[in-house]
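Asks: So that we are looking at the same thing, I have put the structure below in structure tokens.
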Amino acid sequence: GKKLGYTFNNGNLHNVSLGQGQEVVAEQALDLAAKEGHWVILQNIHLVAKWLSALEKKLEQHSDSSHRDFRVFISAEPAPSPESHTHPCAKPGVFVFPEGGGDTQSPVLQDTLEMCTQEKEFRSILFALCYFHAVVAERRRFGPQGWNCPYPFSTGDLTISANVLHNHLQASPKVPYDDLRYLIGEIMYGGHITDDWDRRLCKTYLEEFIKPEMLEGELLLAPGFPLPGNKDYNGYHQYIDDVLPPESPHLYGLHPNAEIGFLTQSSEKLLHTVLELQPRDRSPGEGGAGTREETVKALLEELLERLGDEFNMAELMAKVEERTPYAVVALQECERMNVLTREIRRSLLELELGLKGELTMTSDMENLLNSLFLDMVPESWVRRSYPSMASLGTWFADLLARISELEAWTGDFALPSTVWLGGFFNPQSILTAIMQTTARKNKWPLDKMTLQCDVTKKSREDFASPPREGAYVHGLFMEGARWDAQAGLIADSRLQELTPAMPVVFLRAIPADTQDTRALYPCPLYRTRQRGPTYVWTFNLKTKDSPSKWVLAGVALLLQV
């Protein structure tokens, strides 16, 4: 604007920061600018989402009859997802920018690089900070393996962090690495973070990027990308152009499988959306499988036929000789399974009557019909169920397997030789029961105990009986890495093996103060690939590499894939 003569002093550049009732001021500025050929900047448009339709009409109104030099610049914070974007569609002369800058390259200029007396230290740490910012901002695209929750990191966080760095270096002859990592990781960026595992990830990045070795020329920000020496602004730009490797998950500390998994899930979501758009009714003459109602009727008859009877809780209670922690868990699981199967049977029978014309179709029945037709788990079932990302067919087969497992267990209430941890409504309950049983036997305080996780070299079929203490557990998968059964360690994934199965795991309770935590990676266990709210427990797994490698790789155990 300055180059073309548009400035505040000239009266032909208008800047409106929206929010707090500034919409009227913005409309007046737009009317004047459209008439006189001025420029208008509308900041923080995300704060006035309800006003956007009025703005759209205003821009539409001025698009034909306005002055040829009229321009509008709009800035907004990025929405958490593409579906949430609400800014008006682009029109000639309207430019939309992310608030605080559009890309992950830092807003660092030569002036910034020269503002500190400890020039070498300031420039090295600032470059590492810029790389850190790019990594944490762009890691969102890898979904839950990138961050459990998406966070609105912006260049404002980087700018404030650069100021903190400058102030600390000016005030101290030595670089206060611990202080800087804490302020940046826990406050500047950490202020956005709500998940404990994401906080660990942010902290690990800073521990890897900001440390004394960075001034000795020995720090790799990514494979093939060492931290550069002391350069000027143009020198850093040239270095990035020449040395930065091509875009890949390696730049974030992730395995290439992370991109495969993310793209696969995106494709599945796209195809599912296309499926939802197909016509709901087809006549048999069009080569389809009859009408939607006929398709669903055949499916619900099949589901009702495959669904067994409920568990007889009175009988099971009478069969239990001693209410051990394991027996209590089995009974609780049977009760929750009854609640779910009762709802499945009720809703299917109701829909069957509706399709026969014996009941009026309600909105709930219509939703159930659509879900069955689209191979989705119906909402009323999900509310009484367990977290799952599976389609209806896979989900129902999994449900029948869970029922079979419970039937076998409640036959004599003896702990199975290996426990299917993913088959529980509440997996934490069986893990707690392991600790309770050991605590009672040895008269140990429960709050001073922890679970020790030893990965065996065997599969489920190799076990005929449970251990004397603890439990053998199967049905775990690893994402982000794999388990090397021969070496007994976490190892790098093989390409295209996204979630390899784990061998049987031996879990036993021990006093917390006796656990050796050296050479162990605290690995979170989640129920699904959604991670986040499906967290179950933390298992310590043996590793030869630094645990930070697996933190950056987003390594976790899953109960369902």
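Asks: For a quick check of your reading: which helices (runs of 4 or more DSSP H) sit entirely within the range 184-288 and have at least 1 residues that are within 24 Å of L158 (Cα to Cα)?
Replies: Those helices (runs of 4 or more DSSP H) span 196-209, 233-243.
Asks: Let me ask another. Check every one of the strands (runs of 3 or more DSSP E) wholly within the range 457-526 and list those with 1 or more residues that are free of Cβ contacts under 8 Å to residues at least 12 places away in the same chain and open to solvent by 40 Å² or more (accessible area, probe 1.4 Å).
Replies: 482-484
Asks: Sticking with this one: Could you list, in sequence order, the residues of the range 223-244 that are surrounded by fewer than 16 Cβ atoms within 10 Å (Cβ to Cβ), touching a helix residue (DSSP H, G or I) at 6+ places or on another chain (Cβ under 7 Å) and not polar (S, T, N, Q)?
Replies: Of everything in the range 223-244, those that are surrounded by fewer than 16 Cβ atoms within 10 Å (Cβ to Cβ), touching a helix residue (DSSP H, G or I) at 6+ places or on another chain (Cβ under 7 Å) and not polar (S, T, N, Q) turn out to be P223, K231, D232, Y233.
Asks: Of (1) assigned to a loop (DSSP other than H, G, I, E, B); (2) within 30 Å of N44 (Cα to Cα); (3) β-branched (V, I, T), V175 satisfies all except one. Which?
Replies: (2)
Asks: Looking at W420 and the list (1) open to solvent by 10 Å² or more (accessible area, probe 1.4 Å); (2) of a type outside the set (D, E, K, R); (3) touching a residue at least 60 places away in the same chain (Cβ under 8 Å); (4) in the same structural domain as M449 (by the TED database), which single condition is not satisfied?
Replies: (3)
Asks: A further question follows. For residues that are within 20 Å of the chain's Cα centre (by Cα) and not aromatic (F, W, Y), scanning just the range 498-526, find the one that is farthest from T437 (Cα to Cα).
Replies: L498
Asks: Of the conditions (1) open to solvent by 10 Å² or more (accessible area, probe 1.4 Å); (2) closer than 19 Å to Y252 by Cβ; (3) within 20 Å of the chain's Cα centre (by Cα), T538 fails just one. Which one is it?
Replies: Evaluating T538 over (1) open to solvent by 10 Å² or more (accessible area, probe 1.4 Å); (2) closer than 19 Å to Y252 by Cβ; (3) within 20 Å of the chain's Cα centre (by Cα) leaves (2) as the failure.
Asks: Could you list all residues from the range 193-210 that are surrounded by 22 or more Cβ atoms within 10 Å (Cβ to Cβ), more than 15 Å from the chain's Cα centre (by Cα) and either without any contact (Cβ under 8 Å) to a residue 24 or more places away in the chain or over 14 Å from L552 (Cβ atoms) (or both)?
Replies: I210
Asks: While we're here: Could you grab me the full set of residues in the range 350-374 that are buried (at least 16 other Cβ atoms within 10 Å of the Cβ) and either among the hydroxyl-bearing types (S, T, Y) or within 21 Å of A401 (Cβ to Cβ) (or both)?
Replies: Within the range 350-374, S371, L372 qualify.
Asks: Under 24 Å from T155 (Cα atoms) and either in contact with a Ser or Thr (Cβ under 8 Å, 6 or more places away or on another chain) or among the aromatic types (F, W, Y) (or both): is that true of N15 in this structure?
Replies: Judged against the criteria, N15 is not a match.
Asks: In the range 314-329, what residues are of a type outside the set (A, V, I, L, M) and open to solvent by 70 Å² or more (accessible area, probe 1.4 Å)?
Replies: E315, K319, E321, E322, R323
Asks: While we're here: Can we say R529 is over 25 Å from the mean Cα position of the chain (by Cα) and surrounded by 15 or more Cβ atoms within 10 Å (Cβ to Cβ)?
Replies: No: the conditions fail for R529.
Asks: Among the candidates A439, A390, A397, A401, which residue alone is assigned to a helix (DSSP H, G or I), in contact (Cβ under 8 Å) with a residue 60 or more places away in the chain and out of contact with any Cys (no Cβ under 7 Å at 6 or more places or on another chain)?
Replies: A439
Asks: From the residues in the range 163-192 that are in contact (Cβ under 8 Å) with a residue 40 or more places away in the chain and open to solvent by less than 10 Å² (accessible area, probe 1.4 Å), which one is nearest to P533 (Cα to Cα)?
Replies: Of everything passing the filter in the range 163-192, Y189 is nearest to P533 (Cα to Cα).
Asks: List every residue pair whose Cβ atoms sit under 8 Å apart, with the two residues 6 or more apart in sequence or on different chains, where the first one lies in the range 5-17 and is farther than 19 Å from E27 by Cα and the second, anywhere, is at pLDDT 90 or above.
Replies: Once the first residue is farther than 19 Å from E27 by Cα and sits in the range 5-17, its partners that are at pLDDT 90 or above give G5/N12; Y6/N12; Y6/L13; Y6/H38; Y6/W39; T7/L13.
Asks: Something else: Could you check, for the range 293-313, whether at least one of its residues is loosely packed, with under 15 Cβ neighbours inside 10 Å, assigned to a helix (DSSP H, G or I) and touching a Cys at 6+ places or on another chain (Cβ under 9 Å)?
Replies: The answer is yes; a qualifying residue exists.
Asks: Just to be sure I understand the filter: pairs with C-beta atoms under 9 Å, separated by 6 or more residues or on different chains, first member in the range 292-311 and over 25 Å from N338 (Cβ atoms) and at pLDDT below 90, second member charged (D, E, K, R) and open to solvent by 40 Å² or more (accessible area, probe 1.4 Å). Which pairs pass?
Replies: Matching pairs, first to second residue: R292/R280; R292/D281; R292/R282; E293/D281.
Asks: Same structure, new question: What do you reckon, is L263 open to solvent by 20 Å² or more (accessible area, probe 1.4 Å), out of contact with any Phe, Trp or Tyr (no Cβ under 9 Å at 6 or more places or on another chain), in contact (Cβ under 8 Å) with a residue 24 or more places away in the chain and hydrophobic (A, V, I, L, M, F, W, C)?
Replies: The answer is no for L263.
The values are calculated or read from the model by the stated rules, or taken from the named source; none is laboratory data. Keep in mind it's a predicted model, so treat the numbers as computed, not measured. Ideal geometry is used to build each Cβ from the backbone, glycine not excepted, and the neighbour counts take in all protein chains shown. The area values use the complete protein model at the heavy-atom level, side chains included, leaving out ligands, DNA and RNA. Shrake-Rupley method; radii C 1.70, N 1.55, O 1.52, S 1.80 Å.
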